[in-house]
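Structure first, commentary second.
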Amino acid sequence: MSITRREFLKRGTIAAGAISLLSTTKIKGLTNYPKGWKGRERVQEIPSICEMCFWRCGILGNVDKHGKLLKIDGNPVHPLTHGRLCARGNSGHKTAYDPDRLKYPLMRVGKRGEGKFKRVSWDEALNFMTDKLKNIKEEYGAESVGFFPHGIQARFFEHLMKGFGTPNIAEPAFAQCRGSRDVGYKLTFGNNIGSPEPLDFENTDLMVFIGTHIGENVFTGQNLQFGNAIERGAKLIVVDPRFSVAAAKADYWLPLKPGTDTALLLAWMHVLIYENLYDKKYIRNYAIGFDQLKKHVKSCTPDWAAEITGLPASLILDTAHEMGKHLPKVGVHPGRHVAWYGNDSQRGRAMAILTALLGSYGRPGGIYLSSKIPAPHYPSAKNPKPGPRADGAGTIYPFGSLGLGITNGLVDATHDEDPYPIKAWIVYSQNVIQSIPDPWKTKEAIDKLDLFVVVDILPMEQFLYADLVLPEATYLERYDDLYTVKNAKIPFAAIRQPIIKPLYESKPGWWIAKETAKRLGLEDHFQWDTIEDYLDYRLSALGKTLKEIQNTGIIEYDKDPTPYYDFSKPIKFKTRSGKIELYSQTLKDYGFDPIPVYEPLDDVPKGYFRLAYGRSPIHSFARTQNNEILHGYMPDNYLWINSTVANKLGLVDGEYVNLENQDGILSDKIRLFITPGIHPESVFMVHGFDQKSPFLKLAYKHGASDTYLMSRVNVDPLSGGTGMRVNFVRIIKNGQPIMVSGAVSVVAKFKKTLKSSVPKKRIVVPEATQEAGESEEGC
């Protein structure tokens, strides 16, 4: 029986609705079940939150009477996922029971990179680490210690590091992911976008995705909201050089030339302004800088953008008209991973300005507002005043995050010993070799350290270089800090609690931080005896205790259930002017363009392709490739290449090739996926493969690593974010490079095919909208 796409979506929505009816049902912990899965008795169903990726969906762990975790289900009372889990969430138990996981504290006995260690006790390990930290602090100062955390599990150790006195704390969520986007939106609206992205899927009439890969790299709840929006008839515009999962659902797919997004955005602004399609009342009442913006985009016509992007001018016009037709219920998704080309904060600004012209910020169907949860933060003894940062946040990069830091800036400072020596790194649940571009430089920086500590659950590549390895309990074996979600229409808090006991000699983050604090003389930073006491303290502000929510794992806080502006009252934005800033005087004062300008990228060298990368719904970054179930579904990655190009090169779908980048770095082998659904100047691979650690027996040397091909970055001058899509690769087959002849004609054919697929109509901008005597400025 065949099922249409719409019927499939309809059934999914009905199922979601059925699940949502359970949202007030309590989970029955400690309940006896009849013999079920594999004949075992399920004697306990324990709610918690996932950590197979950073979205932390609600889970239920099914544990038998012997304390073994049998399977993981979704938690039906979770406000965003309603009992749904992805493949990764369902496979989490295989990470807990991974035979390759770190089991005991280890101390290096060989050279860095050899992976030779001896087993030591926790006392030996922590005494070794704290003695080293004390000596380094005495000789070089507390700021000579760098801390690389990731996730809520690292918060307690981060709290400890602040008490120790180091300002050098950095995680990849900013510089390698969403930081530049947040800078662009904060400069425009006064607020960061936050996480999850607050797109009002429930009420939007038109969604606009610019390099947003919902269905491949966004969490289950947003996938569910997206599917429901499509089902009820919301339209979709997708801008992406690749025919992504989202593009397959789109009403308009715009496969532009990579790196030309800002030109498209400026052309859309031109059409909205010069055809009087923008939200005039919204802009008049709440924005400043419109006259400057209008003058700025005057010459940014669809014809101008068509020459740059390779898109037909008629397609640019049609999509702008769709936005004008549906405003203000147009949801321009701000994106997630935006560290592309090094001009990413200004591209984020352009997306924010487009959102403002559509009147969509803080209104139903557009971007809704973040809420507050009154759970107190961790109180402690007063932290010492930290010295100057080494990563450039707030100085070299004036809009870099002082909270999340700039990882690549900290690597650079360590490598160059500038502005001062960094002598110790503690890496906690972060993978500095795989997550930060130019791993060669990262390894050279590690060589300059007196102490390199890794806290992790698996022996990733960085483990090979560590002086000390501390095995953390998995997310299924521990409590973590309270997880609060403010970017939901009804904000909520969720707890992570142990589903099974910690295996081997692994320890939870609270214990590691508290025991380290004792040895550093910082006991007053951990004033509670247990983490349960601390969680009771945080939950008390919500009128709950830990015991009261352990059976559901969730508490909703609905004091402000309407996350939109009340336009009957005066509205003041948190910008310098108190208005939406289409023109940024702040940027002008810092010497940057006050309105985004299109900046061409370097051309792709002859015989090469621009390397693009992304995610898969099967894996999270580089952290899940050794999971037995997920490895079975996707053991390696593959290289997308345009079919016309592949035919010219004599390539065959499924065959293996190698890649060589512009600096002569050669990849391991990767299999080809030949498709018309990618721009001919680009190739694409899924991130996180080709694990270099032989201690990961399943994942070792499977697929090719995109990170190792990123020996070049363009750093965003506003944020410090790493533009990583500036690397080029060529195909190596049988040890020899193969060159594509007639590359220009291939791209021309792609443009011609695209042009013939859109309506042949042209809308001329009326002369009446052109202001006499107004000078045109470049875009």
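For region 300-311, which positions are in contact (Cβ under 8 Å) with a residue 60 or more places away in the chain, under 31 Å from the mean Cα position of the chain (by Cα) and surrounded by fewer than 24 Cβ atoms within 10 Å (Cβ to Cβ)?
Passing the criteria: I308, G310.
Table: residues versus (1) touching a Phe, Trp or Tyr at 6+ places or on another chain (Cβ under 8 Å); (2) at pLDDT 95 or above; (3) loosely packed, with under 15 Cβ neighbours inside 10 Å; (4) not assigned by TED's automatic domain parsing to the domain that holds H631.
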site	(1), (2), (3), (4)
D653	yes, yes, yes, no
F684	yes, yes, no, no
K701	no, yes, no, no
I732	no, yes, no, no
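Residues D536, D589: which one is more than 21 Å from Y361 (Cα to Cα), without any contact (Cβ under 8 Å) to a residue 12 or more places away in the chain, surrounded by 14 or more Cβ atoms within 10 Å (Cβ to Cβ) and not β-branched (V, I, T)?
D536
Looking at region 498-511, is at least one residue buried (at least 19 other Cβ atoms within 10 Å of the Cβ) and farther than 26 Å from A125 by Cα?
Yes.
I need the strands (runs of 3 or more DSSP E) fully contained in region 393-473, keeping only those with at least 1 residues that are outside the structural domain of P694 (by TED's automatic domain parsing) and aromatic (F, W, Y).
Result: 424-428, 451-456.
So which helices (runs of 4 or more DSSP H) are wholly in region 296-387 and hold at least 1 residues that are in contact with a strand residue (DSSP E or B) (Cβ under 6 Å, 6 or more places away or on another chain) and modelled with pLDDT of 95 or more?
Answer list for region 296-387: 313-326, 344-357.
Test of understanding: among G115, G110, which residue is in a loop (DSSP other than H, G, I, E, B) and free of Cβ contacts under 8 Å to residues at least 24 places away in the same chain?
The match here is G110.
Can you report the number of residues in region 501-529 which are in contact (Cβ under 8 Å) with a residue 12 or more places away in the chain and either more than 29 Å from the chain's Cα centre (by Cα) or more than 16 Å from Y479 (Cβ to Cβ) (or both)?
Qualifying residue count, region 501-529: 15.
Here is a check on your reading of the model: is N203 surrounded by 19 or more Cβ atoms within 10 Å (Cβ to Cβ) and at pLDDT 95 or above?
Spelling it out, it is not the case that N203 is surrounded by 19 or more Cβ atoms within 10 Å (Cβ to Cβ) and at pLDDT 95 or above.
Within region 16-72, track down each residue that is assigned to a loop (DSSP other than H, G, I, E, B), among the basic types (K, R) and modelled with pLDDT under 90.
Matches in region 16-72: K26, K28, R40, R42.
Can you report the number of residues in region 554-609 which are within 25 Å of L266 (Cα to Cα) and either touching a Leu at 6+ places or on another chain (Cβ under 8 Å) or in a loop (DSSP other than H, G, I, E, B) (or both)?
Here the count works out to 28.
Of the numbered conditions (1) within 27 Å of C50 (Cβ to Cβ); (2) over 23 Å from the mean Cα position of the chain (by Cα), P676 satisfies every one except a single condition; which is it?
(1)
Let me confirm something: among G92, G74, which residue is buried (at least 22 other Cβ atoms within 10 Å of the Cβ), in contact (Cβ under 8 Å) with a residue 12 or more places away in the chain and not assigned by TED's automatic domain parsing to the domain that holds I422?
G92
Does any residue of region 561-574 turn out to be over 23 Å from P491 (Cβ atoms) and polar (S, T, N, Q)?
For region 561-574, residues over 23 Å from P491 (Cβ atoms) and polar (S, T, N, Q): present.
Checking the condition at pLDDT 95 or above, on the phi > 0 side of the Ramachandran plot, surrounded by fewer than 22 Cβ atoms within 10 Å (Cβ to Cβ) and touching a Phe, Trp or Tyr at 6+ places or on another chain (Cβ under 9 Å), which residue from G190, G165 passes?
When all the criteria are applied, what remains is G190.
The values are calculated or read from the model by the stated rules, or taken from the named source; none is laboratory data. Only a predicted model underlies this, so the values are computations on that prediction, with no experimental measurement involved. Quick reminder, even Gly has a Cβ in these numbers, built from the backbone with ideal geometry, and neighbours come from all protein chains shown.
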